[in-house]
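Every read-out reported here was derived from the displayed coordinates using simple, explicitly stated rules and does not represent laboratory data. Note that the structure is a prediction, hence the values are computed from the model and not measured. When we count neighbours, we look across all protein chains shown, and the Cβ atoms used for this are built from the backbone with ideal geometry, even at glycine.
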Amino acid sequence: MSSSWITGFSLGLALIVAIGAQNAFVLRQGLRREHVGTIVLFCAASDALLMSAGVGGLGRLIGAAPALAAALTWGGAAFLAVYGLKALWRARRPGALAAGADCGLTRRQALAQAAAFTLLNPHVYLDTVVLVGAVGAQQAAAARPVFVWGAASASLLWFGALGYGARLLAPLFARPRAWQVLDLLIGATMLVLAAALVF
């Protein structure tokens, strides 16, 4: 196993294992057992593409376009705030929070939300494009694809563990009260992230 792969894997894992909007969404979908494979693959593939773009030089372009960075920031803040408020609204009605509820997302809706959490979050660009891109650019040209593969492997491993590992928590989340607490935490996290983006 090459040192470039290990460097990429370690960096990717360190950046992605944190409480964030995308992780909270994957966890919630995993608990509900809705389109888990699709969401995991979409998030991991998106990370891989953004990391590849970052190592390829996109990070420098974003850094040189303050208007684009501002648009991403305000759009991301608005999306996170709306999603956070929706989570808090769900927490007010624990009767509607059972894991087997019929009011789940369609595959298209789930993918649209996953795309929004991925593409409207400036932190995703900061981590995957700018930071991973900066470290990847320091690798030898021949080692860069291996570095990206390492970082992408960490992303796939994490999202897979989060989405499918959530099933282990299913007995706890069979109770509406547990869903209520989760939605309160998700709502608060989203609103804090939105405020952090604005300020």
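Would you kindly state how much longer the chain becomes between residue 92 and residue 138 on full extension, computed as 0.36 nm times their sequence separation minus their alpha carbon distance, in nm to one decimal?
Details: separation 46, 0.36 × 46 = 16.56 nm, distance 4.96 nm.
Stretched out fully, the residue 92 to residue 138 stretch lengthens by 11.6 nm.
Mean Kyte-Doolittle hydropathy of 1.0 or higher plus an axial Cα length of 24 Å or more: which whole DSSP H helices in the chain meet both? Kindly include the intermediate steps, with their values, before the conclusion.
On the way: long enough: 36-55 (28 Å, 1.82); 66-91 (37 Å, 1.05); 144-165 (31 Å, 0.92); 176-198 (33 Å, 1.55).
Counting only whole DSSP H runs, the qualifying helices are 36-55, 66-91, 176-198.
To the nearest 500 deg cm²/dmol, what mean residue ellipticity at 222 nm is calculated for the chain from DSSP H runs of n ≥ 4 alone, each contributing -39,500 (n - 2.57), summed and divided by the residues? Could the numbers behind the result be given before it?
Details: 9 runs with 142 residues, N = 199.
-23500 deg cm²/dmol, from helical runs alone.
Tell me the Rg and the Dmax, in Å, that the Cα atoms of the chain produce.
For the chain, the Cα radius of gyration and maximum Cα-Cα distance read 17.5, 56 Å.
Quick one: if the Förster radius is 22 Å, what FRET efficiency do residue 168 and residue 119 give, using the C-beta to C-beta distance and rounding to 0.05?
Values: r = 30 Å, r/R0 = 1.35.
Approximately 0.15, to the nearest 0.05.
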